[in-house]
1. Inside the range 61-82, can you point out the residues that are open to solvent by 70 Å² or more (accessible area, probe 1.4 Å), of a type in the set (D, E, K, R) and in a helix (DSSP H, G or I)?
2. Could you check, for the range 165-176, whether at least one of its residues is modelled with pLDDT of 70 or more, within 30 Å of M99 (Cβ to Cβ) and assigned to a helix (DSSP H, G or I)?
3. So, in the range 42-60, exactly how many residues are part of a helix (DSSP H, G or I) and over 15 Å from the mean Cα position of the chain (by Cα)?
4. If I ask for residues that are in a helix (DSSP H, G or I), open to solvent by less than 40 Å² (accessible area, probe 1.4 Å) and farther than 16 Å from I38 by Cα, which ones from the range 114-162 would you list?
Amino acid sequence: MAGFFHFDKDKQSSDDSVSDICMKLSAIPLRGDMGREIAGIVLKYSPKDLKQMRVNFSGKIDSFPADYKKELENTIAAFLDGTYQAIRLMNQQGSFATMQDPVSLLARDYWTMVREQCSTGSEQEKRLRLLKYLLSGFCMFVQEIPGHPVGMPFPGGDKVSFIDGIYYCPVRTKANDVDAALCPFCPAKQTPEIGYLKPPVKGSKHRKQEYIKNIYDYHHFNG
């Protein structure tokens, strides 16, 4: 596994190590074991890697309106740093030993998708892209929370929300044609089209416009 973090060999060796990581993760049956395995990989990255991901993401959304761009940047920065620190702390505290319930059945397909998505690009691009998927996978399959953080804004003004113990996302069921989407694997439920469980949580007349395909290229913040 260490070979993935030292790209000093040929292209095939780096691809193989990514494949090995994904295959190993896809075979893990328990949440705690998956958390421990992900921690062992993620903690080999540095805060500089997280900073580079933020810089890359900011560049992708440079054409967005200033206020919206700033809100997205802040949301993603908090997600990246917060998830990284949660992994570090849970690993230090031995929290994974108590998590003996099964991993979601969706995890196997998720790691297959990750292996495919991390098979192209430069070595640095693949390395940071894997980190993105590891952080999101940790949220969805270990913590069992959405891959997009609560408060994540989408076009039209709607956001990922947490109401009465349930996570809701405005685009949960609208990414079927996006190969790299987190949505098919996310534990969040689709935000109701008409009305909310608590009335109304910033309803938007632009709701039906929020699934413009290009937005997924930005909201999945590829490294």
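1. Here is the first cut: in the range 61-82, the residues open to solvent by 70 Å² or more (accessible area, probe 1.4 Å) are 62-63, 65-67, 70, 74.
Remaining after also requiring of a type in the set (D, E, K, R): 62, 67, 70.
If the condition is that a residue be open to solvent by 70 Å² or more (accessible area, probe 1.4 Å), of a type in the set (D, E, K, R) and in a helix (DSSP H, G or I), then D67, K70 are the ones that fit.
2. No, the conditions are met nowhere in the range 165-176.
3. 10
4. K126
The values are calculated or read from the model by the stated rules, or taken from the named source; none is laboratory data. Bear in mind that the values here come from a model prediction, so they are computed numbers and not experimental data. Every residue, glycine among them, receives a Cβ derived from its backbone with ideal geometry; neighbour counts consider all protein chains shown. Note: accessible area is taken over every heavy atom of the protein model, side chains too, but ligands, DNA and RNA are not part of it. Shrake-Rupley method; radii C 1.70, N 1.55, O 1.52, S 1.80 Å.
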